[in-house]
1. Considering only residues that are over 17 Å from T368 (Cα atoms) and either open to solvent by less than 20 Å² (accessible area, probe 1.4 Å) or in contact with a Gly (Cβ under 6 Å, 6 or more places away or on another chain) (or both), which ones fall in region 267-294?
2. In region 536-585, what count of residues is obtained for those that are in contact with an Asp or Glu (Cβ under 6 Å, 6 or more places away or on another chain) and part of a loop (DSSP other than H, G, I, E, B)?
3. Pairs only if they're at least six apart or on different chains, beta carbon under 8 angstrom, first in region 458-469 and within 15 Å of A438 (Cα to Cα) and open to solvent by less than 40 Å² (accessible area, probe 1.4 Å), second assigned to a helix (DSSP H, G or I) and hydroxyl-bearing (S, T, Y); list them, first residue then second.
4. If I ask for residues that are of a type in the set (V, I, T) and touching a residue at least 60 places away in the same chain (Cβ under 8 Å), which ones from region 131-177 would you list?
5. Identify, by number, the condition in (1) open to solvent by less than 30 Å² (accessible area, probe 1.4 Å); (2) touching a helix residue (DSSP H, G or I) at 6+ places or on another chain (Cβ under 6 Å); (3) among the small types (G, A, S) that G432 doesn't meet.
6. Those residues that are of a type outside the set (D, E, K, R), part of a helix (DSSP H, G or I) and either free of Cβ contacts under 8 Å to residues at least 60 places away in the same chain or open to solvent by less than 10 Å² (accessible area, probe 1.4 Å) (or both), I need them from region 307-351; list them, please.
7. Taking strands (runs of 3 or more DSSP E) that do not extend beyond region 170-237, which have at least 3 residues that are aliphatic (A, V, I, L, M) and crowded, with 18+ Cβ neighbours inside 10 Å?
8. Out of (1) modelled with pLDDT under 95; (2) among the charged types (D, E, K, R); (3) open to solvent by less than 80 Å² (accessible area, probe 1.4 Å), what's the single condition that is false for E373?
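The values are calculated or read from the model by the stated rules, or taken from the named source; none is laboratory data. Just so you know, these numbers come straight off a predicted model, no measurement behind them. Note: ideal-geometry Cβ built from the backbone for every residue, glycine included; neighbour counts use all protein chains shown. We work out accessible area using only protein heavy atoms, side chains counted, and drop any ligands, DNA or RNA first. Shrake-Rupley method; radii C 1.70, N 1.55, O 1.52, S 1.80 Å.
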Amino acid sequence: MASSARAVAKMPMMAGRFTPAMPIAMPTSRMLSTISRATRSPAARPVAKSAATLKLARTGRIAFRRAYADEAPKPKPGKLRRTFRWAWRLTYLSVLGVLGYTGYVIYLDRNPAEQLERDPNKKTLVVLGTGWGSVALLKKLDTENYNVVVVSPRNYFLFTPLLPSCTTGTIEHRSIMEPVRAILRHKRGAVQFYEAEASSIDHERKVVKITDNSEIKGAVVENEIPYDMLVVGVGAENATFGIPGVRENSCFLKEIGDAQRIRKKIMDCVETAAFKDQKDAEINRLMHMVVVGGGPTGVEFAGELQDFFEEDIKKLVPEISPRFKVTLIEALPNVLPSFSKQLIDYTENTLREEKIDIKTKTMVKKVTSETVEAEVVKPDGTKERVVIPYGLLVWATGNAVRPIVKDLMSRIPAQKDSRRGLAVNEYLVVQGTRDIWAIGDCAVAGYAPTAQVAAQEGNFLGSLFNNMAKTESHENRIHELSSQMNLQAGGTPPAEAAQEIEALERRLKKIRDIKPFRYTHQGSMAYIGSEKAVADVSWWNGNFASGGSMTYLFWRSAYLSMCFSTRNRVLVVLDWLKSKAFGRDISRE
């Protein structure tokens, strides 16, 4: 054994491999065991790293041996860890993508393309109003086909579904306003805008009289705008139903000024109620907020108001917070009459849990500066007269026809039987006129006066005007080609002209096949307070009704996606985060 070890030790090493210097006459197994022991020794270990095989002298075979690592192998990560790792990568890549896209959209908003100049040979299209219907029309319309003129007393578009949130400071009013000039600046063709009130329409002379009603006036305060085509989208004003004292003593909730007035009056009531040595009866009156109207606007305002007091006022003015009370008055048997019975019951139960007093089958008869006189129909059918003291009264029910619409209806014999607005046909043309269309709350088309209806009417009218422009262009081209068919050389060859005429006639046939306007109901949503909402959404051939906290998240995401611009969405999200983190601002001014 010793001689065998010496013989192995004498073998020279070349290029990391043992090469025997002479034939070795020993069994292969003994030699391998000797070599294995030699490689386990500290002196031979570096050789073991570099040499992986040994060639046997007698048989010429390659003998493999085991190599040793300096450290243990690292364990592979488990499936859960790999899942979290990929989820994190996808998350931050998605965030980077959203930020990049948002930045790109903001850049495009800030740097619009050059617009085409107005062409005096084109028809003049005048649009009255900047509400849901008019803005949807302008967004859809190819303005390079017409000389478009927009007239409105306000130079912005207002996202009205979030207006109740502005009354309590959950959202700032600037966040839901989009300047009309910024909207028009991104159109391909230049659009002229006038901030003025349309006072009258002469459909025979085809002119619109406009008046400057702003506080600062110039040398010219009245003028006329001639039109070839006119779209009336002036909306409606608040209806008081002839009840005395409503217009003088209540706050409406239709415009930004209304929301600002309500917000100021809420804090006026709170600070006056907290005045030193204020009487208990007066505190109870001042801290009683009455909302008339059980539709989505009234219910959402009541919910926002209750949240405002529970989450903010109660903490900052605790001495009078137990006196706070919200009363919701509705003339119908239940609130949210357009929703399903299941959601109506859920809404009423939720509002009562929030300590909101619901008075259904209650008709307001008179309003004074401090009280509301109403008539309540009891379950047995008898009627009772009640007097309700209040500090703030918000009137959120009913629409009335604007003066300009009344004036136009009085000029058209076909409109003599219409009471709620301009009667239109299935293509939204005002009955008894030519080249006048009406959309939104000022039009009577057989649908509810909602923002959803107005937006769909505006989209339909935009597509209709685009098709009309294409029709006129194709007809002019056909007339031009037909007149060149028999002329001398220099025009389009007859064969090519015939083919082009045939193609244009096929296009005309498709364009002229315009179906009448049909409203498609997408559903209804309403916030009911305590971070809960209800939604009655159209799904396949039926409706999907839901309510609760998850519906509240759906309500927020739906309204966020419906905001007009990226600017509005960013500002609304920041307002939500700000009010959640720091609370609502209770400053009066």
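1. M267, V270, A273, I283, G293, G294
2. The qualifying residues number 4.
3. From residues that are within 15 Å of A438 (Cα to Cα) and open to solvent by less than 40 Å² (accessible area, probe 1.4 Å), the pairs are G458/S134.
4. V135, V149, V151, T160, T167, T168, T170, I171, I176
5. Against the list (1) open to solvent by less than 30 Å² (accessible area, probe 1.4 Å); (2) touching a helix residue (DSSP H, G or I) at 6+ places or on another chain (Cβ under 6 Å); (3) among the small types (G, A, S), G432 comes up short only on (1).
6. Those that are of a type outside the set (D, E, K, R), part of a helix (DSSP H, G or I) and either free of Cβ contacts under 8 Å to residues at least 60 places away in the same chain or open to solvent by less than 10 Å² (accessible area, probe 1.4 Å) (or both): F308, F309, I313, S321, P322, L343, I344, T347, N349, T350, L351.
7. 229-232
8. Exception for E373: condition (1).
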